[in-house]
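Reading through the structure tokens given below for one structure.
All of the numbers you see were taken from the coordinates with simple rules; none came from a lab. Because the structure is a prediction, the values reported are computed rather than measured. Cβ placement follows ideal geometry from the backbone for every residue including glycine, while neighbour counts extend to all protein chains displayed.
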Amino acid sequence: MIRRLGALNFETVISYLLKLLLLLSIPIELKNGQYAIAAGVLIVFFVSMLPAILSLSLRINLPWEIDLLVTVVIFAHSFLGYSLGLYQRVPHFDKLLHFGSTVIISILSFMIYYSFYIIGRIRVGYGALFFFIVLTALGLGAFWEILEFAVDRVFDLAMQDGLEDTMFDLIFDCLGGMVAAVLGYVYIRKSKPAHRRRFAVPISQVFGYGRKLRAPAAAGDA
């Protein structure tokens, strides 16, 4: 994690500006009586801070891309979708956001899976890696739909709009996972080994691996 203000890069500044907007939306939601949404935004704000917290607590220099991707997903759903009401105002915004967010989340999943692959903790082929990423996208998409259903029941909201809406959300989740899996494959084939290790070693350290390891050359690194 970047520790000095003078060393902040443009992407890190954007990430923290988005986090600030999330915080500023909380009193607005409270003023409008949207207590459930305000509580949800507060929770996702802390989720968006996880990469920074992990970097500081574990003294790991996570790539800035991780922090920015997590923040963008949370900002899009919480601030754009709910606080600004774009889910209701913009036709198909929900579907576009499901697709885009799933691509980003699936890319994060790819980074985690590939990190374990490149340090030798798992050994799978590219086909299996593709399959795992798509399954992760579907699993997270299903979890999100369950969460929306629970919030609707508890707080009497209308986050879901029937079975057809839910099914189309899951279809877009699947498509987003497939796109991310293809992008991951292209990244493996086209990027340089040193660049891949820049992601792999710090991410593996988050899970307790790689502290004293040099990332060995994987099959795709030759």
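Structure data summary
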quantity: Elements of type helices (runs of 4 or more DSSP H) in the stretch 26-133, at least 2 residues being touching a residue at least 40 places away in the same chain (Cβ under 8 Å); calculated: 35-48, 50-58, 64-75, 93-118
quantity: Subset of the stretch 46-91 that is charged (D, E, K, R) and touching a helix residue (DSSP H, G or I) at 6+ places or on another chain (Cβ under 8 Å) - its residue that is surrounded by the most Cβ atoms within 10 Å (Cβ to Cβ); calculated: 67
quantity: Complete set of residues in the stretch 74-125 that are more than 16 Å from the chain's Cα centre (by Cα) and among the β-branched types (Val, Ile, Thr); calculated: 90, 118, 119, 122, 124
